[in-house]
Amino acid sequence: MGMIKAVCISEKKGTAKRNIGTSAVIENHGLENDAHAGNWHRQVSLLSYEAVEAFRARGAKVEDGAFGENLLVEGFDFKTYPVGTVFTCNEVVLEITQIGKQCHSECEIFHQVGDCIMPREGVFARVLHGGTVSVGDELVIREKPKFRAGVITASDKGSRGEREDLSGPAVCELLTENGYEIVRSVVLPDEEELLYQEMVRFCDEDQVDVLFTTGGTGLSPRDCTPEATMRAATKNAPGIAEAIRQYSLGITPRAMLSRAVSVMRGQTLIINLPGSVKAVKESLSFILPTLAHGIEIMRGDTGECGR
């Protein structure tokens, strides 16, 4: 865990940054009003407070932001973390995209003191989620997602762009909130062969831990998600679908009309969810707390256990 010691921006490129204490951080952009923010991979620069203090100990008088850092942070030696490492601060989510940089021309601080530590000590990141950062806030490393998931939305109109189907994004949002990594999310027409082929691709090529489908589980002539799912199965796992149906019956008697199934293909669970956003949220909220244990058993990470 680290602590932010300075939040710095410069309104113009080529000038030293200054500590403003607090700033909005804009998704896929960077710090508000910072000249180096933008739609590229170096949206936010981070530098170790300890590295700056060591530089100052050599007799150099440098202000916070002098090396071009947006965030000066105590507690992390950033250059030791690989590209792809994710840090969070309040709602802000940053992903490291570059370690150090090559200086093609000496910066202002180099001309002042004859050295600059940013090229060898600093890192750059892109903003995955925005928010606000302030001096004194905690910066932490986000743990790597425990499970990898895929999402298939079965929707004729959605696949043709005639309607925005929101059930798939609802699945992705809930999974992300619960620590899952979303590998891919696709929208396909209600065609059994296409659905089957995509399920196989998710399981065999992407090797996700769990694949959720939404839509196509009712009694309509076009609904064929359960048939595609059963074709992809190597083992049946009916309890998950049965539990969702039983839980949903407590909300609406129409749940009895669902033909949703749940199966395994190799070491991937495939779970059919309803097509409405409301039903998706209800179903996922119900099964996710127990599902993690099932995935761990399937992967061999833990054993069966009784309560």
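Where a number appears in this text, it was derived from the coordinates with a stated rule and is not lab data. Here the structure is a predicted model, which is why all the values come from computation and not from measurement. With ideal geometry, Cβ positions are generated from the backbone for all residues, glycine too; neighbour counts draw on all protein chains shown.
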Worksheet item: For the chain, modelled as a GNM with alpha-carbon contacts under 10 angstrom, which of GLY68, GLY168, GLY59 fluctuates the most?
Response: GLY59
Fill in: All Cα pairs of the chain, percent lying beyond 27 Å
53
Fill in: Helix-only mean residue ellipticity at 222 nm for the chain, each DSSP H run of n ≥ 4 adding -39500 (n - 2.57), per residue, nearest 500
-8000 deg cm²/dmol
Fill in: Volume per residue that the Cα convex hull of the stretch 147-299 spans, once the total is divided by residue count, Å³
97
Worksheet entry | All aspartates and glutamates inside 20 Å of LYS146 as judged from Cα atoms, apart from same-chain residues fewer than 8 positions distant | GLU95, GLU173, GLU177, GLU181, ASP204, GLU205, ASP206, ASP209, GLU296, ASP301, GLU304
Fill in: Cα gyration tensor shape for the stretch 141-218, rounded if a/c is under 1.5, else prolate or oblate
oblate
Worksheet item: What's the longest piece of the chain with no exposed GluC sites (Glu not before Pro), counting a site as exposed if DSSP puts it in a loop and it has at most 15 other beta carbons within 10 Å?
Response: 165-303
Practice prompt. Calculate the translational D of the stretch 135-177 in whole µm² s⁻¹ from Stokes-Einstein, where the hydrodynamic radius comes from the Kirkwood formula applied to all Cα pairs, the temperature is 4 °C and the viscosity 1.567 mPa s.
Written response: 98
Discussion item. I'd like the distance between the alpha-carbon centres of the stretch 132-157 and the stretch 210-269, rounded to an integer number of Å.
Written reply: 26
Worksheet item: Which whole-percent values make up P(r) of the stretch 2-141 when all C-alpha to C-alpha distances are grouped in 10 Å steps starting at zero?
Response: 13, 49, 33, 5
Item to complete: Just flag the trypsin sites (Lys or Arg not before Pro) in the stretch 205-247 sitting in loop per DSSP whose Cβ has no more than 16 other Cβ atoms within 10 Å.
Response: ARG222
Worksheet item: Once you sort the root eigenvalues of the Cα gyration tensor of the stretch 154-193 as a ≥ b ≥ c, which label holds: rounded (a/c under 1.5), prolate (a/b larger than b/c) or oblate (the other case)?
Response: prolate
Worksheet item: DSSP loop trypsin sites (Lys or Arg not before Pro) in the stretch 1-63 with at most 15 other Cβ atoms within 10 Å of their Cβ, which ones?
Response: LYS12, LYS13, ARG58, LYS61
Item to complete: State which helices in the chain qualify, where a helix is a whole DSSP H run, it must extend 20 Å or more along its own axis by its Cα atoms, and its mean Kyte-Doolittle hydropathy must be at least -0.5.
Response: 277-299
Worksheet item: What translational diffusion coefficient, in µm²/s and rounded to a whole number, does the Stokes-Einstein relation yield for the stretch 1-72 at 20 °C and a viscosity of 1.002 mPa s, taking the hydrodynamic radius as the Kirkwood radius over Cα pairs?
Response: 171
